[in-house]
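Shown next, in C-alpha cells, is the structure this report addresses.
None of the figures in this text is laboratory data; all of them are computed from the coordinates on show. Just so we're clear, the structure is a prediction, and the values are computed from it rather than from any experiment. All Cβ positions, even for glycine, are placed from backbone atoms using ideal geometry, and neighbour counts span all protein chains on display.
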Amino acid sequence: MPVAAIADAGPITVRRLQRDDADAVRELDSLILGEDRSSTWDEYIDRFLAFSRLGTQALPWSGSQVAEVENGVVGFLLAERQSSGYGLPPGLRIVAVAVHPDFRKQGVGRKLVEALRVDSKRQGIKHIYSVLHNSDERDAEFLEGCGFAPAEVKVFVAEA
C-alpha cells in the first residue's frame, strides 16, 4: 500500500508489518531522509517476516508495525528481538520509527509504540529499548514521552 496523501485521510489504524508494506516503508523513509535505502529496508522486512514464519527460532521476529489510513501507510516501527549480549537486557530493540511529516503530532508514533508494547507483553518480552546518538534530542524526547528512560549502559567507539 502506498504512502498516504493527507486529503481525506480518515482514521489511523496500526497493524503488524506485512511483505506488501515494503514499498511504502521504502517510500516513507526516502521522503523523510531524502535518500533511498531500499535495499536495507527490503533486507530488514524480509528478515522480520522470515522470523515470523519460523516460530521455533531462538529470537523470533516480533513487533514491527505500520500505521495506515484508508489510502496508505503513514508510519512504521521496525523492532527486532535481542539477546542479553553487550550488557543490554534481553528484549526488543527499536530499529526505526518514522511518521509521515503531514501526520506528525497526531499520536501516530505513540500508537506504533503502544502496539509494540501490547505485542511484546503477549510474547512475554519484558524490555523494549532503543539506541540513540547523544545529540538526537528529538527522538530522545519522543521515547521519554512514550515512557522510556535512559539506560545505564556505556558504549565505546574507536576508529578502525
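Of note:
- Counting neighbouring Cβ atoms within 10 Å and putting the fewest first, the residues 99, 69, 157, 131 line up as 157, 131, 69, 99.
- Taking 0.36 nm per residue of sequence separation and removing the Cα-Cα distance, the residue 149/residue 117 pair yields an extension gain of 10.0 nm.
- Placed amide H near residue 79: partners under 5 Å, 5+ positions off or other chain: 64, 65, 95
- Note that the stretch 15-26 has calculated 3J(HN,Hα) couplings of 8, 5, 4, 10, 4, 5, 7, 4, 5, 5, 4, 4 Hz, one per residue in order, obtained from phi through the Karplus relation 6.51 cos²θ - 1.76 cosθ + 1.60 (θ = phi - 60°); glycine and proline are x.
- Annotation: amide H-H contacts under 5 Å for residue 128 (H modelled 1.01 Å from N, sequence separation of 5 or more, or interchain): 92.
- R0 of 25 Å, Cβ-Cβ distance residue 15-residue 133: FRET efficiency to nearest 0.05: 0.25
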